[in-house]
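What follows is a single structure, written as structure tokens, with notes after it.
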Amino acid sequence: MSTNIAVIFAGGIGSRMNSKALPKQFLEIHGKPILIHTLEKFENHPEIDAIVLATNPDWRDLTEKLLRKHEITKCQWVVNGGETGQESRHKALRAIAADVEDPSDVIVLLHDGVRPLINDALISENIEMARTKGNAITCTKNNETVAVSADETITEVIPRDHIYAAQAPQTFHLDEILALYDLAVEEGETNSIDSCTLMATHGRQLFRVEGPRSNIKITTAEDFYVCRTYFDVLETQQIAGM
Ligand SMILES: C[C@](O)(CO)[C@H](O)COP(=O)(O)O
């Protein structure tokens, strides 16, 4: 059995949502900050042993206050994020490695603090796939044709048949993913988009876990309202016993 650790990123300042006064991870849905909804999914999952949270240093006090208020007891590390997402991920992975005996026995699930609609099955499937195949990338089927365009012209049209959006969690063995982040720094790379991109650019084989379209990341104001609607639907279903 592996030790399974959720690595949650909440270092954003809400620039794409125009919510800098209060970063989007702290906006409330159904009376609770989005970040807490996300953390509770991992807190309450029986296969998750611990959580590490990367936060923006300017918002660390509020974050720690919320962790206490909402009794997120599995959160063993809070680390200050870095200048880039890559640096934040690297710092969080290093914090875990410094504290565990055997990093090869640790599975890390890297997840966005602003993806609160993650569900139990997806967490379990990520862990199982990483155990059996080595890694797991949550993907959701893309239902539209993809057009590549850098200006007003479209330079490529990609048929949608085999196109997925890579989401999160993105799940790895700690020793392997940390070695890759170390290598990226040695190579002078500092701003890779995410772990699956880093793996792909280094020629590593990746394995897909199918996630629901509802597992959205709240990036823009529209995403916030879509996410809130999903929460409304889930609440109605619970009340109706569905
Ligand atoms: C990890 C991710 O959610 C995959 O789609 C995404 O790369 C995170 O990107 P962001 O720049 O932190 O929004």
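The values are calculated or read from the model by the stated rules, or taken from the named source; none is laboratory data. Note that this is a predicted model, so its numbers are computed, not measured. All Cβ positions, even for glycine, are placed from backbone atoms using ideal geometry, and neighbour counts span all protein chains on display. Just so you know, the surface numbers come from the protein's heavy atoms only, side chains and all, with ligands and any DNA or RNA stripped out. Shrake-Rupley method; radii C 1.70, N 1.55, O 1.52, S 1.80 Å.
Name the strands (runs of 3 or more DSSP E) wholly within the stretch 104-198 that hold at least 1 residues that are within 13 Å of the ligand (Cβ to nearest atom) and open to solvent by less than 10 Å² (accessible area, probe 1.4 Å)? Outline the logic, then answer.
Numbers: elements: 106-112, 135-141, 146-148, 156-158, 164-173.
Fully inside the stretch 104-198 and qualifying: 106-112, 135-141, 164-173.
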(request) Identify, by number, the condition in (1) surrounded by 15 or more Cβ atoms within 10 Å (Cβ to Cβ); (2) free of Cβ contacts under 8 Å to residues at least 12 places away in the same chain that GLY211 doesn't meet. (result) (2)
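From the list VAL52, VAL78, exactly one residue is among the β-branched types (Val, Ile, Thr), open to solvent by less than 20 Å² (accessible area, probe 1.4 Å) and within 27 Å of LEU198 (Cα to Cα). Which is it? Spell out the reasoning first.
On the way: VAL78 fails: open to solvent by less than 20 Å² (accessible area, probe 1.4 Å).
So the residue among VAL52, VAL78 that is among the β-branched types (Val, Ile, Thr), open to solvent by less than 20 Å² (accessible area, probe 1.4 Å) and within 27 Å of LEU198 (Cα to Cα) is VAL52.
To keep it simple, each residue is scored yes or no on (1) away from the ligand (no atom under 16 Å from the Cβ); (2) outside any helix (DSSP H, G or I).
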position	(1), (2)
ALA200	no, no
LEU206	no, yes
ARG213	no, yes
GLU235	yes, no
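Is it the case that some residue within the stretch 83-99 is outside any helix (DSSP H, G or I) and in contact with a helix residue (DSSP H, G or I) (Cβ under 7 Å, 6 or more places away or on another chain)? Show your work before the answer.
Let us first name the residues in the stretch 83-99 that are outside any helix (DSSP H, G or I), namely 83-84, 98-99.
Add one more test, that the residue is in contact with a helix residue (DSSP H, G or I) (Cβ under 7 Å, 6 or more places away or on another chain), and what stays is none.
Within the stretch 83-99 (the criterion being outside any helix (DSSP H, G or I) and in contact with a helix residue (DSSP H, G or I) (Cβ under 7 Å, 6 or more places away or on another chain)), the answer is no, since none of the residues qualifies.
Could you please give the count of residues in the stretch 140-198 that are more than 30 Å from VAL100 (Cβ to Cβ) and touching an Asp or Glu at 6+ places or on another chain (Cβ under 9 Å)? Steps first, answer last, please.
Our first condition is that a residue be more than 30 Å from VAL100 (Cβ to Cβ); within the stretch 140-198, this holds for 140-165.
The next check asks that each one be touching an Asp or Glu at 6+ places or on another chain (Cβ under 9 Å); those that pass are 140-141, 146-149, 160, 163-164.
Number of matching residues: 9.
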(message) I'd like the residue in the stretch 199-208 that is open to solvent by 50 Å² or more (accessible area, probe 1.4 Å) and aliphatic (A, V, I, L, M) and, out of all such residues, is nearest to ILE107 (Cα to Cα).
(response) LEU206
(message) Just to check your reading of the model, which residue among GLU83, GLU64 is farther than 24 Å from PRO46 by Cβ and either within 16 Å of the ligand (Cβ to nearest atom) or in contact with a His (Cβ under 8 Å, 6 or more places away or on another chain) (or both)?
(response) GLU83
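Restricting the search to the stretch 226-242, which residues are open to solvent by 40 Å² or more (accessible area, probe 1.4 Å) and closer than 21 Å to ASN143 by Cα?
Initially, the stretch 226-242 is screened for residues open to solvent by 40 Å² or more (accessible area, probe 1.4 Å), giving 226, 228-230, 232-242.
VAL226, THR229, TYR230, listed by residue number.
Answer yes or no as to whether THR84 is among the β-branched types (Val, Ile, Thr) and either in contact with a Leu (Cβ under 8 Å, 6 or more places away or on another chain) or open to solvent by less than 60 Å² (accessible area, probe 1.4 Å) (or both).
Working: among the β-branched types (Val, Ile, Thr): yes; either in contact with a Leu (Cβ under 8 Å, 6 or more places away or on another chain) or open to solvent by less than 60 Å² (accessible area, probe 1.4 Å) (or both): yes.
So THR84 fits the description; yes.
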(message) Can you tell me which residue is nearest to TYR230 (Cα to Cα) among those in the stretch 22-45 that are open to solvent by 10 Å² or more (accessible area, probe 1.4 Å) and under 15 Å from the mean Cα position of the chain (by Cα)?
(response) HIS37
(message) Between LEU198, LEU174, LEU183, which is in contact (Cβ under 8 Å) with a residue 12 or more places away in the chain and in contact with a Pro (Cβ under 7 Å, 6 or more places away or on another chain)?
(response) LEU174
